[in-house]
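The values are calculated or read from the model by the stated rules, or taken from the named source; none is laboratory data. Just so we're clear, the structure is a prediction, and the values are computed from it rather than from any experiment. Note that we place each Cβ from the backbone using ideal geometry, even for glycine, and neighbour counts take in every protein chain shown. For accessibility, only protein heavy atoms count, side chains too; no ligands or nucleic acids. Shrake-Rupley method; radii C 1.70, N 1.55, O 1.52, S 1.80 Å.
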Amino acid sequence: MCEEDTDMAAHAESRKVYYAIFAALLTLTYLTVAVARVDLGRLNTIVALTIAVTKAVLVVLFFMHVRHSSRLTKLVVVGGFVWLALLIGLTMLDITSRGWLEIPGR
């Protein structure tokens, strides 16, 4: 057994934690479906994305073991989420600003 294997074994989560995360993911999935059936206007997208990001963070932290990884791995994961937020933000900015300018001939 190499040193990395013993480090990971020392940080192994218990089954209780995995079952709790699984229950949280199932609850958040149910919440996603429930929110999709309610008309929240412009907040539908924001609520759905918030729930999706929460589920993604749980999966990354616990099932991908980033919680016990090195600082560099955590930095890369945070960079990925920042990039995702930037892309989603720019897309939403584009969608919301489409009606600002009048197009001649229409």
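Considering only Asn44, Leu28, Val82, the residue lying farthest towards the positive end of the dipole of the chain is Asn44, judged by Cα position with unit charges set on Cβ. Per residue, the chain exposes 82 Å² of solvent-accessible protein surface, assessed with a 1.4 angstrom probe and all protein chains in place. Taking every full run of DSSP H in the chain, the ones that stretch at least 15 Å from end to end by Cα along their long axis and average 1.0 or higher on the Kyte-Doolittle scale are 15-36, 43-58, 71-96. For the chain, averaging the sequence separation of C-alpha pairs within contact (under 8 Å, six or more residues apart) and dividing by the residue count gives a relative contact order of 21 percent. Taking other residues whose beta carbon is less than 12 angstrom from the beta carbon of Val77, and scoring Lys, Arg as +1 and Asp, Glu as -1, yields +3. From helices alone, the chain scores -23000 deg cm²/dmol at 222 nm; the rule is -39500 (n - 2.57) for each run of n ≥ 4 DSSP H residues, then divide by the residue total.
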